[in-house]
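The values are calculated or read from the model by the stated rules, or taken from the named source; none is laboratory data. All values derive from a computational prediction rather than experimental measurement. All Cβ positions, glycine included, derive from the backbone under ideal geometry; neighbour counts span all protein chains shown. What goes into the accessible areas is simple: the full protein's heavy atoms, side chains included, and nothing from ligands, DNA or RNA. Shrake-Rupley method; radii C 1.70, N 1.55, O 1.52, S 1.80 Å.
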Amino acid sequence: DAKTTQPTSMDCAEGRAANLPCNHSTISGNEYVYWYRQIHSQGPQYIIHGLKNNETNEMASLIITEDRKSSTLILPHATLRDTAVYYCIVRLYNTNAGKSTFGDGTTLTVKP
Amino acid sequence: DVKVTQSSRYLVKRTGEKVFLECVQDMDHENMFWYRQDPGLGLRLIYFSYDVKMKEKGDIPEGYSVSREKKERFSLILESASTNQTSMYLCASSRDGTGTGELFFGEGSRLTVL
């Protein structure tokens, strides 16, 4: 699986959009980008995934650049409950999901 | 609401004790996984299972064993707990091959070995 690079930490004001970047410059053509988050003292939670097109669900939007070397997770109206560690993961779609590499992620702090 | 349930949120054990961590999922998933999470090391895969009675080693299986007698239940066993096994343990499940491939995690079991 391709390696990802994320900033260590970010802050966001409550009610504003939180934009979390991820660099995956070595991604291959059939690897997907997955995002998870982990709220303190809980297990990680799946957010969204995509291949090349932008994706949106009830939790977030995922913007993938045309060259697929980076992506941005957008939380459109961040709340205090969005404070968490966010993980960007790249892997093949039908490979063993459990072998996904969860690195250190980005610690997002939403401030009032 | 789909769920992965871990039997204990917090455990304190003594060195040398045998420790059982239980995990149950209600989604009829084929795949189940055990991880440990330590600061600065991310999530590390200990063992996983593709089916009942099947198990495979992950990246750090030493000092651990697992059991999967029923599809919904996956147990992690520390035969003789040691202080370096103090950690947060996470169980997860996923469907086999198809679908979104997302992982569903339990809330974690924080084990302290004294």
Study note, to complete from the structure: Listed by range, strands (runs of 3 or more DSSP E) wholly within the range A:67-112 having at least 2 residues that are away from chain B (no Cβ under 14 Å), in contact with a strand residue (DSSP E or B) (Cβ under 8 Å, 6 or more places away or on another chain) and not polar (S, T, N, Q) are A:70-75, A:106-111
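Being more than 25 Å from B:Tyr47 (Cα to Cα), within 14 Å of another protein chain (Cβ to nearest Cβ), open to solvent by less than 60 Å² (accessible area, probe 1.4 Å) and touching a strand residue (DSSP E or B) at 6+ places or on another chain (Cβ under 6 Å), is that true of even one residue in the range A:25-33?
Of all residues in the range A:25-33, those more than 25 Å from B:Tyr47 (Cα to Cα) come to A:25-30.
Narrowing the set further to residues that are within 14 Å of another protein chain (Cβ to nearest Cβ) leaves A:30.
Then keep just the ones that are open to solvent by less than 60 Å² (accessible area, probe 1.4 Å); that gives none.
Taking every residue of the range A:25-33 in turn, none turns out to be more than 25 Å from B:Tyr47 (Cα to Cα), within 14 Å of another protein chain (Cβ to nearest Cβ), open to solvent by less than 60 Å² (accessible area, probe 1.4 Å) and touching a strand residue (DSSP E or B) at 6+ places or on another chain (Cβ under 6 Å).
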Exercise for review: Please list, ordered by first then second residue, the pairs with beta carbon atoms under 6 Å, 6 or more apart or interchain, first in the range B:56-71 and away from every other protein chain (no Cβ under 13 Å), second part of a loop (DSSP other than H, G, I, E, B).
Suggested key: B:Arg68/B:Val52; B:Lys71/B:Val52
**Study point:** Residue list for the range A:89-112, filter: within 24 Å of B:Leu41 (Cα to Cα), crowded, with 20+ Cβ neighbours inside 10 Å and at pLDDT 95 or above
**Key:** A:Thr106, A:Leu108
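Tell me yes or no: at least one residue of the range A:43-50 is open to solvent by less than 30 Å² (accessible area, probe 1.4 Å) and either free of Cβ contacts under 8 Å to residues at least 12 places away in the same chain or farther than 27 Å from A:Asn96 by Cβ (or both).
The initial filter retains those residues of the range A:43-50 that are open to solvent by less than 30 Å² (accessible area, probe 1.4 Å), namely A:43-44, A:47-48, A:50.
Still in the list and also either free of Cβ contacts under 8 Å to residues at least 12 places away in the same chain or farther than 27 Å from A:Asn96 by Cβ (or both): A:43.
The answer is yes; a qualifying residue exists.
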Point to revise | Hits in the range B:1-42 (condition: of a type in the set (A, V, I, L, M), within 14 Å of B:Glu107 (Cα to Cα) and within 10 Å of another protein chain (Cβ to nearest Cβ)) | key: B:Val4
Check your understanding: Does the range A:35-42 contain any residue that is assigned to a loop (DSSP other than H, G, I, E, B) and touching a Phe, Trp or Tyr at 6+ places or on another chain (Cβ under 9 Å)?
Key -> yes
Check your understanding: Of the residues in the range A:1-21, how many are surrounded by 14 or more Cβ atoms within 10 Å (Cβ to Cβ), part of a strand (DSSP E or B) and among the aliphatic types (A, V, I, L, M)?
Key -> 3
Check your understanding: Residue check, B:Gly101 against (1) over 25 Å from A:Glu31 (Cβ atoms); (2) within 14 Å of chain A (Cβ to nearest Cβ); (3) without any contact (Cβ under 8 Å) to a residue 12 or more places away in the chain, all met but one. Which one?
Key -> (1)
Check your understanding: What number of residues within the range B:1-32 are farther than 20 Å from A:Gln42 by Cβ and either among the polar types (S, T, N, Q) or at pLDDT below 90 (or both)?
Key -> 3
Study note, to complete from the structure: Among B:Phe48, B:Phe74, the single one that is at pLDDT below 95, under 20 Å from B:Met27 (Cα atoms) and within 14 Å of chain A (Cβ to nearest Cβ) is B:Phe48
Review point. Within the range B:51-73, can you find the residues that are open to solvent by 90 Å² or more (accessible area, probe 1.4 Å) and at negative phi?
Key: B:Met54, B:Lys55, B:Lys57, B:Asp59, B:Glu62, B:Glu69, B:Lys70, B:Arg73
Revision key, fill the gap. In the set B:Val19, B:Val52, B:Val66, the lone residue that is touching an Asp or Glu at 6+ places or on another chain (Cβ under 8 Å), of a type in the set (A, V, I, L, M, F, W, C) and more than 30 Å from A:Ser9 (Cα to Cα) is B:Val52
